[in-house]
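The values are calculated or read from the model by the stated rules, or taken from the named source; none is laboratory data. Bear in mind the structure is a predicted one, so any value in this text is a computation, not a measurement. Because the Cβ atoms are built from the backbone with ideal geometry, glycine has one as well, and the counts that use them run over all protein chains shown.
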């Protein structure tokens, strides 16, 4: 067998840009200016163009001839469709966990994640809250014990991750974000699956409404200034 080779420069640049888009550092509608990005990342413009093309094939970037490339916009319907699917998957996972005879390990893991999220929120670390938030929802799916559910989750996880980061940026109150997750686990521990599903759907619906109704160019600019994006 051949040894595993390290990722090529092209793959590394794709990964950097993909993470920046999914984590909300590069936001919907933001132009991807070749000279600036190439300089920031430390690669040639040719390598950058190749990476942007690859991301356009993934649906993360829109490229128009003679007009350049931008991070793909998220329409209201895109967000509604995404969270409709997400609601079905996570609601099913919650019901499976609550119904399981041996649910204690799943609940302990979810509580541990909540502890970490609350600690990150106390430090006002949006990056860490986003990362732990993603772990929480992925853990729900994993603890459902349904392999096919995990496959279906993987097919939407990248877009969920992006929208979740944008929502957390807008909501701003990191402690409230952490509290929302602990409330879901507490109700699951009390074996009230339907109330846990209701709380989860309220959480998801809030995120969808916030982005669909509130996300616009002005908001994006303000957030970029607060984060110092591009500086």
Open item on the list: Condition (residue is modelled with pLDDT of 90 or more, assigned by TED's automatic domain parsing to the domain that holds residue 152 and closer than 17 Å to residue 194 by Cβ) applied to region 71-88: is it met by at least one residue?
Closed with: yes
Task: Odd one out for residue 59 among (1) under 16 Å from residue 160 (Cβ atoms); (2) assigned by TED's automatic domain parsing to the domain that holds residue 188; (3) under 19 Å from the mean Cα position of the chain (by Cα); (4) touching a residue at least 12 places away in the same chain (Cβ under 8 Å) - done: (2)
TODO: Hey, could you check region 14-33 for residues that are assigned to a helix (DSSP H, G or I) and more than 13 Å from the chain's Cα centre (by Cα) and say which is surrounded by the fewest Cβ atoms within 10 Å (Cβ to Cβ)?
DONE: 15
Open item on the list: I'd like the full set of residues that are within 20 Å of residue 9 (Cβ to Cβ) and in a loop (DSSP other than H, G, I, E, B), limited to region 34-73.
Closed with: 42, 43, 44, 58, 60
Open item on the list: Can you tell me which condition residue 102 does not meet? The list is (1) outside any helix (DSSP H, G or I); (2) crowded, with 17+ Cβ neighbours inside 10 Å; (3) over 16 Å from the mean Cα position of the chain (by Cα), and all the others hold.
Closed with: (2)
